[in-house]
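Since the structure comes first, as structure tokens, the remarks are kept for the end.
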Amino acid sequence: MSLLRRPFFQTERYRSETQARARMREAQTTWRQYTHLPLRSLWHMLWEATPGRMNQTLGATAACLISVLVGETWQIPMTQLLPVMLLALWKEDWVTNCLLGLIMILYFTVVMAVIYLGVFWSINNYFLILFINLVFSYVFFFLENSSKLGVLAMLGGLFVTFFLSDLDTLPTSNLATRAILYCWLVFALIGVIQIGVSLVVSPSPEQVLGRRLAWRLELAARLLEAPEDFRARQNVLEQIQQGITPLLANVFLSAKEKVFPAPLLDRLRQAALHSFTVLVMADLASCSPEAALPAERRAYAALLREMAVTCKNNALPELSSVPTTSNPALQRLGAALLAFCSFSKAPLPVLPTPKGFFVPDAFSNPAHTIFSFKGTLTIFLGILCYRGLDWNGIHTCVITSFVGALPTMGEVIAKLNLRLIGATIGSLMGMGAIIWLLPHFISIAQLLLMFLGMTIIASWVQCGDPRISYAGMQIGIAIFLSTLATFTPATNLDVPRDRIIGTFLGLLISYVVFTCIYPTSAASKLPGLLRKVDDLLRLTEKGQTVMEKTFYGALTEEAIARTHRMLEYNLVEPLSYRLPAQRISQCKHRLEQASRAVELALLHAA
């Protein structure tokens with residue numbers, strides 16, 4: 001690696017900075033492992049008010065309450081699906097929410113047509129229903145793993161499977177047709193409510209981007225002011241490993257609004273791109289051992305805070321000069337701030353991306369077929385259990401089998417753990433409401449007030465850190481399925497009890513299938529991820545301009561973060577599939593070296 005041979009690496013100053021950063025990253029290693037979260041880190045994830053989290057929480061809560069009001073007022077069948085889907089699909093800005101709402105209506109229209117075909121072919125024949133159900137399950141699992149549909153394929157397959165598995169409970173074909181129409185009505189309402197509410201309460205992508213930029217500038221200022229602040233450094237490192245893709249997505253969505261001129265979009269792109277360099281240089285400068293540096297750091301911290309205030313006010317800062325400094329990291333930080341506030345007509349580098357609906361190896365890689373087979377097997381065992389026991393209340397075992405199907409054992413186990421925790425908490429909250437609250441309610445206003453508190457809790461967790469967000473989703477699912485089972489006040493504790501039992505059963509089925517039948521360890525994904533890191537690092541080093549080095553450097557950090565996450569998944573797999581400690585240490589060291597190379601590439605970019 002050419003960067004590692006530069007004379008700068010042989011100086012005493014660099015060795016001091018490297019040792020300081022190594023100690024800080026050492027502390028980060030334990031904190032990163034979200035499946036073994038220390039209480040302090042878990043508490044921080046639960047309560048940290050990241051930019052936009054409260055706004056997204058309140059928007060999701062408002063949409064869920066409106067859906068409950070509509071469903072309960074007109075007594076729409078499957079009302080509990082309305083808030084559940086809205087909680088799962090709600091995003092931060094109105095453009096994304098409107099797109100998702102429109103996709104919901106169009107996509108589930110196709111899904112309902114698929115269900116109709118399944119009903120037409122198999123009604124009154126249970127074994128044919130089961131066969132067609134499993135065929136559709138396999139197809140949707142395959143689409144989830146090998147196409148651009150992703151999670152939409154999972155949702156479509158979930159509802160097709162669930163509807164067909166209960167088809168023989170409908171005594172006449174006329175009722176089956178009405179059930180399909182009501183299903184379509186539910187999904188249409190979900191799309192309409194998501195579009196309508198987001199237009200009123202959700203910010204624009206440009207406002208979301210401004211908050212994210214302000215958050216990054218504030219974090220950089222906080223780290224420069226207090227280099228010993230462990231939490232500030234963790235937040236900066238997390239933002240560095242997020243790269244620039246989320247911010248550039250906001251710029252892309254802002255362009256879709258068709259209300260901003262091209263120069264403003266260019267400024268937004270520049271700000272999103274160079275905010276990454278600001279974080280990296282602030283991290284480097286905060287580790288400098290020079291005695292005179294604290295005053296210079298404070299000067300830059302004050303400038304960063306001023307720029308953050310401007311970004312918060314939905315404007316872009318203007319900057320003509322920066323404080324003078326002799327520190328290379330601060331000098332590069334100043335250059336990044338000037339670029340942050342400037343125009344640039346140069347286009348972003350373009351990475352080759354596969355075209356088409358399917359991934360390139362969709363029909364040649366047996367991993368997609370194996371994953372689809374294992375997923376279909378979990379669905380078959382789930383249906384066999386709850387229909388064989390004639391216990392319809394534990395149908396959540398099928399839902400758990402669908403949402404818990406992921407390519408590697410580590411991902412499956414991590415997600416099942418979150419589902420278990422979330423479903424248990426949500427069911428207990430539902431039981432508490434059934435025992436102490438619902439018997440005393442006499443109006444829908446009281447019901448909505450109860451859901452207000454519960455939904456805020458669920459959506460706050462769901463809108464938080466990705467390492468815990470799925471638990472928030474499960475809290476909401478358990479609450480709504482427990483308390484909205486009928487249009488009268490729920491008084492039966494069998495519903496939340498059955499939900500928990502079904503979830504436990506689904507967890508057991510998914511764990512056994514994905515760890516015993518053609519098990520795929522997260523370690524098998526590491527070679528490909530490490531090659532991706534090396535390829536992007538090579539592009540960073542060869543970059544001819546500051547923009548190219550920054551762009552590829554940010555993508556390298558994103559690839560490093562994905563590799564770290566896969567290592568974390570490997571740690572929760574059965575012992576026989578875990579990598580040896582020495583191999584894990586080597587991988588982490590290699591990633592750390594790549595991260596340092598990115599930092600130095602940006603430091604010397606001209």
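The values are calculated or read from the model by the stated rules, or taken from the named source; none is laboratory data. None of the values given here were measured: they were computed from a predicted structure. For neighbour counting, all protein chains shown are included, and Cβ atoms are generated from backbone atoms with ideal geometry for every residue, glycine included. These area figures cover heavy atoms from the full protein model, side chains too; ligands, DNA and RNA do not enter into them. Shrake-Rupley method; radii C 1.70, N 1.55, O 1.52, S 1.80 Å.
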(request) Identify, among S254, I501, Q241, the residue whose Cα sits farthest towards the positive end of the charge dipole of the chain, taking +1 on the Cβ of Lys and Arg and -1 on the Cβ of Asp and Glu, with the dipole about the Cα centre. (result) Q241
(request) Specify which residue in the list P317, I132, A335 is farthest towards the positive end of the charge dipole of the chain, using unit charges on the beta carbon of Lys, Arg (+1) and Asp, Glu (-1), about the Cα centre. (result) A335
(message) Please report the carbon-and-sulfur percent of the accessible area for the stretch 232-346; probe 1.4 Å, protein heavy atoms only, DNA, RNA and ligands left out.
(response) 60
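Compute the FRET efficiency between V151 and W436 as 1/(1 + (r/R0)^6), taking r as their Cβ-Cβ distance and R0 = 41 Å, and round to the nearest 0.05.
On the way: r = 36 Å, r/R0 = 0.87.
It comes to 0.70.
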(message) With the crude spin-label approximation of a point 7 Å out along Cα→Cβ, what separation in nm comes out for S585 versus E306?
(response) 4.9
(message) So, R0 is 22 Å and r is the distance between the beta-carbons of A295 and T245; what FRET efficiency does that work out to, to 0.05?
(response) 0.05
(message) Given the chain, report the % of alpha carbon pairs whose separation exceeds 31 Å.
(response) 55
(message) Quick check: the distance between the Cα centres of the stretch 421-494 and the stretch 241-303, to the nearest angstrom?
(response) 40
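Restricting to Cα pairs below 8 Å that are 6+ residues apart, what does the relative contact order work out to for the chain? Please round to a whole percent. Mind showing how you got there, number by number?
On the way: 820 pairs, mean separation 106.4, N = 606.
It rounds to 18 percent for the chain.
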(message) Need the list of aspartates and glutamates near K148 for cross-linking: C-alpha distance under 18 angstrom, and skip anything on the same chain fewer than eight residues off.
(response) D361
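Per residue, how large is the accessible surface of the chain? Use a 1.4 angstrom probe and give square angstrom.
Numbers: 25850 Å² over 606 residues.
Heavy-atom SASA per residue in the chain reads 43 Å².
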(request) Please get the size of the charge dipole for the stretch 205-341, origin at its Cα centre, with Cβ charges of +1 on Lys and Arg and -1 on Asp and Glu, quoted in debye to the nearest 20. (result) 320
(request) Run down the lysines and flag those whose C-alpha is under 27 Å from the C-alpha of K588, throwing out any fewer than 8 positions away in its chain. (result) K415, K525, K532, K542, K549
(request) Would you please name the chymotrypsin sites (Phe, Trp or Tyr not before Pro) within the stretch 416-488 that are DSSP coil residues with at most 16 other C-beta atoms within 10 Å of their C-beta? (result) F441, F487
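With only Lys, Arg, Asp and Glu charged, each at its Cβ (+1 for the first two, -1 for the last two), find how big the charge dipole of the stretch 57-172 is about the Cα centre; round to the nearest 20 debye. The partial results should precede the final answer.
Values: 2 positive and 6 negative charges, 35 e Å.
Roughly 160 debye for the stretch 57-172.
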(message) Using Stokes-Einstein with the Kirkwood hydrodynamic radius over Cα pairs, what translational diffusion coefficient do you get for the stretch 84-149 at 4 °C and a viscosity of 1.567 mPa s, in µm²/s rounded to a whole number?
(response) 93
(message) If I ignore ligands, DNA and RNA and count only protein heavy atoms, how much of D390 is accessible to a 1.4 Å probe, in Å² to the nearest 10?
(response) 130
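Near A423, within a Cβ-to-Cβ distance under 13 Å, what is the net charge of the other residues, with Lys and Arg +1 and Asp and Glu -1?
Working: positive: K415, R419, R497, R499; negative: D498.
Within the 13 Å Cβ shell, the charges total +3.
Scaled to the compact-protein estimate 2.2 N^0.38 Å, what is the alpha-carbon radius of gyration of the stretch 205-341, rounded to two decimal places?
Working: Rg = 14.6 Å, N = 137, 2.2 N^0.38 = 14.3 Å.
Its radius of gyration relative to the 2.2 N^0.38 Å reference: 1.02.
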(request) State, to one decimal in nm, how far the label point of S321 lies from the label point of F252, with both points 7 Å from Cα in the Cβ direction. (result) 4.1
(request) State to the nearest 20 debye the size of the charge dipole of the chain about its Cα centre, where the only charges are +1 on K and R beta carbons and -1 on D and E beta carbons. (result) 1180
(message) Accessible area of the stretch 523-604 with a 1.4 Å probe: how many percent of it is carbon plus sulfur?
(response) 53
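Which order, highest average first, do 337-345, 151-159 follow once you tally other Cβ atoms within 10 Å for each residue and take the mean per peptide?
Values: 337-345: 16.3, 151-159: 20.6.
Those peptides, ordered most packed to least, come out 151-159, 337-345.
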(request) Be a star and scan the stretch 68-110 for residues whose amide nitrogen sits under 16 Å from the point 7 Å along the Cα-to-Cβ vector of S443. (result) 69, 73
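Based solely on its DSSP helices, what 222 nm [θ] is calculated for the chain when runs of n ≥ 4 H residues each add -39,500 (n - 2.57) and the sum is averaged over all residues, nearest 500 deg cm²/dmol? Intermediate values should be presented prior to the final figure.
Numbers: 23 runs with 436 residues, N = 606.
Calculated at 222 nm, the ellipticity per residue is -24500 deg cm²/dmol.
Compare the peptides 218-224, 472-478, 234-240 by average per-residue count of other Cβ atoms within 10 angstrom and give them in order, highest first. Don't jump to the answer; show the numbers that get you there.
Details: 218-224: 25.1, 472-478: 26.7, 234-240: 21.3.
Ranking, from highest mean packing down: 472-478, 218-224, 234-240.
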